[in-house]
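Report on the structure given below.
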Amino acid sequence: MTNRQLFQQHVAQTSPTPVGIEIISASGSYLCDVDGKRYLDMIGGISVCNIGHSHPRVVEAVQKQAADYMHVMVYGELVQSPQVKYAELLAKHLPPSLDCVYFTNSGAEATEGALKLARRVTGRTDIISCNRSYHGNTLGALAVMGDEYWRNAFRPLMPGVWRYDYNSEDLLQGINEQTACVIIETIQGEAGVITPDENWLQQLRKKCTDTGTLLIFDEIQCGFGRTGKLWGFEHYAVTPDIVLLGKALGGGMPMGAFIASHQLMQELTHNPVLGHITTFGGHPVCCAAGMAGMKVLLDENIVSTVAEKEKLFLSLLKHPAIKTIRSKGLLIAIELESAEQVSETLQRCLAKGLFSDWFLFAPNCVRFAPPLTVTTAEIISACEILQSCL
Ligand code: PLP
């Protein structure tokens, strides 16, 4: 049997039509398959590989930490320097009220932890989220996800969740003294790159503060420079009570985090003790990789190059089949006529060596979210290939 056949037989499938190319290596903006064909990667593992694939400084950090020690104990008991140093680095680059990091295994687990923390701190049960939002695929995260098609088969879901449109007055009106938290993506990703309206986040912040509701920003997809600032919320000068990180957080290794003030996080230490438990969260190799990746992002001033690259994409992407483009930095939704057209276009792109994707709640949009290190020549090439496939 070929590896592709074994993949279909023994690796649990989640799609009737997986991309199915067999990767043997990846570096920078390129993937290479088993036949030696190279693919220009316009999705970077879905906003994970912000500094490119297998950056040498990340590889070195992984190798060194794996040789020193790997898993030694469940989360929160032993002092592990990769965890401590990475938490300190994150805190240094976040607002002062976000100084305490709980490392998890994934973005979804960060969502779960943050929702638990909000209920634990406020003693309230109600949670507000947005239509067309995505916060992960575990049961709690599904309950706050904003799309009926994707969650209906898994009912009953966690009760107490109220959903409103992003950017709506209704959402602001829905917040009251029973609301434990509002969880939103600072910039909606899977909805096809939807940005907040002028002043909406400021009004949301005020309403949360006035009612004692915790504000959670999910920066799992839009954090780590993706939108042209290190954190998406910096564009709007609004600070959440809890921020969720994931994807690029691990430098290519699996990792998530929910981050709040030291004072809020202390609530997880009592009543009950061990308020959130994880065996592998904050794995030392993932922390070492993530910290090396974040240092590359900072040392090489990569975030400051994002706005120019976005402009270049927007100036080159001109084609009658493109209905509209929504973008924030290098998170770009290229809207076509239909989901079928997107699917056919993506297949033609793959044949021509361009790897891209669509959005869960906007399947009529091609997703471009390349490594932030993507070069001018690569941007030109990606736009040429895409347009030749439309
Ligand atoms: N939140 C957002 C905004 C995401 O885009 C994702 C993943 O796509 C998640 C949460 C869930 O992260 P994970 O897949 O690591 O559980």
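The values are calculated or read from the model by the stated rules, or taken from the named source; none is laboratory data. Please read these numbers as outputs of a predicted model, since none were measured by experiment. Neighbour counts run over all protein chains shown; Cβ positions are idealised from the backbone, glycine included. SASA here: full protein model, heavy atoms, side chains in, ligands and nucleic acids out. Shrake-Rupley method; radii C 1.70, N 1.55, O 1.52, S 1.80 Å.
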Restricting attention to the stretch 12-32, does a residue exist that is over 30 Å from GLU344 (Cβ atoms) and open to solvent by 60 Å² or more (accessible area, probe 1.4 Å)? no
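Taking the condition of being over 19 Å from ILE220 (Cα atoms) and of a type in the set (Gly, Ala, Ser), how many residues in the stretch 289-305 meet it?
Total satisfying the criteria: 1.
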Among the residues listed as ALA61, ALA91, the single one being out of contact with any helix residue (DSSP H, G or I) (no Cβ under 9 Å at 6 or more places or on another chain) and among the hydrophobic types (A, V, I, L, M, F, W, C): ALA91
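Yes or no, residue by residue, for (1) buried (at least 24 other Cβ atoms within 10 Å of the Cβ); (2) farther than 27 Å from LYS229 by Cβ; (3) within 16 Å of the ligand (Cβ to nearest atom):
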position	(1), (2), (3)
ALA110	yes, no, yes
LEU115	yes, no, yes
GLY123	no, yes, no
ASN137	no, yes, yes
TRP150	no, yes, yes
TRP162	no, yes, no
SER168	no, no, no
THR186	yes, no, yes
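Collect the residues in the stretch 304-344 that are among the β-branched types (Val, Ile, Thr) and surrounded by fewer than 21 Cβ atoms within 10 Å (Cβ to Cβ), keeping them in residue-number order.
First, the residues of the stretch 304-344 that are among the β-branched types (Val, Ile, Thr): 305-306, 322, 324-325, 332, 334, 342.
Of everything in the stretch 304-344, those that are among the β-branched types (Val, Ile, Thr) and surrounded by fewer than 21 Cβ atoms within 10 Å (Cβ to Cβ) turn out to be THR305, ILE322, THR324, ILE325.
Among the residues of the stretch 94-140, write down those that are under 19 Å from CYS286 (Cα atoms) and assigned to a loop (DSSP other than H, G, I, E, B).
Going through the stretch 94-140, the residues under 19 Å from CYS286 (Cα atoms) turn out to be 100-111, 113.
Correct list: ASN105, SER106.
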Between a first residue in the stretch 256-281 that is loosely packed, with under 15 Cβ neighbours inside 10 Å and a second residue that is basic (Lys, Arg) and modelled with pLDDT under 95, which pairs have beta carbons less than 8 Å apart while being 6 or more apart in sequence or on different chains? none
Report the residue count in the stretch 49-68 for those that are open to solvent by less than 30 Å² (accessible area, probe 1.4 Å) and either part of a helix (DSSP H, G or I) or within 16 Å of the ligand (Cβ to nearest atom) (or both). 5
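Residues checked against (1) open to solvent by 50 Å² or more (accessible area, probe 1.4 Å); (2) closer than 25 Å to VAL121 by Cβ:
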{"site": "ASP197", "(1), (2)": "yes, no"}
{"site": "LEU201", "(1), (2)": "no, yes"}
{"site": "THR209", "(1), (2)": "yes, yes"}
{"site": "GLY223", "(1), (2)": "no, yes"}
{"site": "LYS229", "(1), (2)": "yes, no"}
{"site": "PHE233", "(1), (2)": "no, yes"}
{"site": "ALA237", "(1), (2)": "yes, yes"}
{"site": "ASP241", "(1), (2)": "no, yes"}
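Quick test for you: out of GLN221, GLN203, pick the one residue that is in contact (Cβ under 8 Å) with a residue 24 or more places away in the chain and more than 11 Å from the ligand (Cβ to nearest atom).
Values: GLN221 fails: more than 11 Å from the ligand (Cβ to nearest atom).
Sole residue among the options that is in contact (Cβ under 8 Å) with a residue 24 or more places away in the chain and more than 11 Å from the ligand (Cβ to nearest atom): GLN203.
Within the stretch 190-200, is there a residue that is in contact with a helix residue (DSSP H, G or I) (Cβ under 9 Å, 6 or more places away or on another chain) and within 16 Å of the ligand (Cβ to nearest atom)?
Step one: of the stretch 190-200, the residues in contact with a helix residue (DSSP H, G or I) (Cβ under 9 Å, 6 or more places away or on another chain) are 195-196, 200.
After this cut, where a residue has to be within 16 Å of the ligand (Cβ to nearest atom) as well, the list is 195-196.
Within the stretch 190-200 (the criterion being in contact with a helix residue (DSSP H, G or I) (Cβ under 9 Å, 6 or more places away or on another chain) and within 16 Å of the ligand (Cβ to nearest atom)), the answer is yes, since at least one residue qualifies.
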Could you check how many residues of the stretch 302-333 are more than 25 Å from GLY107 (Cα to Cα) and part of a loop (DSSP other than H, G, I, E, B)? 7
Candidate set: the stretch 89-108, residues that are among the small types (Gly, Ala, Ser) and within 15 Å of the ligand (Cβ to nearest atom); chosen: the one farthest from SER168 (Cα to Cα): SER106
